[in-house]
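Everything on this sheet refers to the single structure shown next.
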Amino acid sequence: MPVVAAVNAYVIGAVRREIAERRAERATGMDQRRWQAALWPYLKRAFATGQLPALATVVRDAAHLDADQTFRIGLDLLLDGIEARISS
């Protein structure tokens with residue numbers, strides 16, 4: 001049952017995130033690309049302070065995946081962890 005609960009929680013979390021993103025798009029009239037463009041000047045100033053090096057690295061270097069890619073990779077990681085735990 002803990003395996004089922006873990007997968008269920010992951011799926012519910014992914015669905016809630018997607019719903020929240022769609023609600024934000026409707027409320028603001030901005031899709032993710034527009035929101036990122038609007039936020040970029042603030043982030044650029046914040047990164048220039050040198051006080052957020054880890055966040056700057058993530059924003060600069062991380063793979064920015066779409067919702068389907070993010071879901072699939074996360075589910076694979078979860079299932080791999082479950083398999084490793086069951087196998088040990």
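Results, tabulated for the structure shown:
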item: Number of the exception - SER88 against (1) modelled with pLDDT of 95 or more; (2) open to solvent by 80 Å² or more (accessible area, probe 1.4 Å); (3) not charged (D, E, K, R); result: (1)
item: Those residues of the range 29-78 which are touching a helix residue (DSSP H, G or I) at 6+ places or on another chain (Cβ under 7 Å) and either of a type in the set (Val, Ile, Thr) or at positive phi (or both), in sequence order; result: VAL59
item: Qualifying residue in the range 69-81 (condition: open to solvent by 100 Å² or more (accessible area, probe 1.4 Å), under 30 Å from ASN8 (Cβ atoms), among the aromatic types (Phe, Trp, Tyr) and without any contact (Cβ under 8 Å) to a residue 60 or more places away in the chain); result: no
item: Restricting the range 4-45 to residues that are charged (D, E, K, R) and over 29 Å from LEU75 (Cα atoms), the residue that is least open to solvent (accessible area, probe 1.4 Å); result: LYS44
item: The one condition in (1) of a type in the set (Gly, Ala, Ser); (2) within 30 Å of ARG85 (Cα to Cα); (3) modelled with pLDDT under 95 that ALA9 fails to fulfil; result: (3)
item: Long-range neighbours under 6 Å by Cβ, at least six apart or interchain, first residue in contact (Cβ under 8 Å) with a residue 40 or more places away in the chain and closer than 18 Å to GLN36 by Cα within the range 7-25, second in a helix (DSSP H, G or I) and of a type in the set (A, V, I, L, M); result: GLU18/ALA67
item: Matching residues in the range 46-66 - criterion: being surrounded by fewer than 13 Cβ atoms within 10 Å (Cβ to Cβ) and part of a helix (DSSP H, G or I); result: ALA48, PRO53, ALA54, LEU55, THR57, VAL58, ARG60, ASP61
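The values are calculated or read from the model by the stated rules, or taken from the named source; none is laboratory data. Bear in mind that the values here come from a model prediction, so they are computed numbers and not experimental data. Here the Cβ is made from the backbone with ideal geometry for all residues, glycine too, and neighbour counts use every protein chain on show. Only protein heavy atoms, including side chains, enter the accessible area calculation; ligands, DNA and RNA are left aside. Shrake-Rupley method; radii C 1.70, N 1.55, O 1.52, S 1.80 Å.
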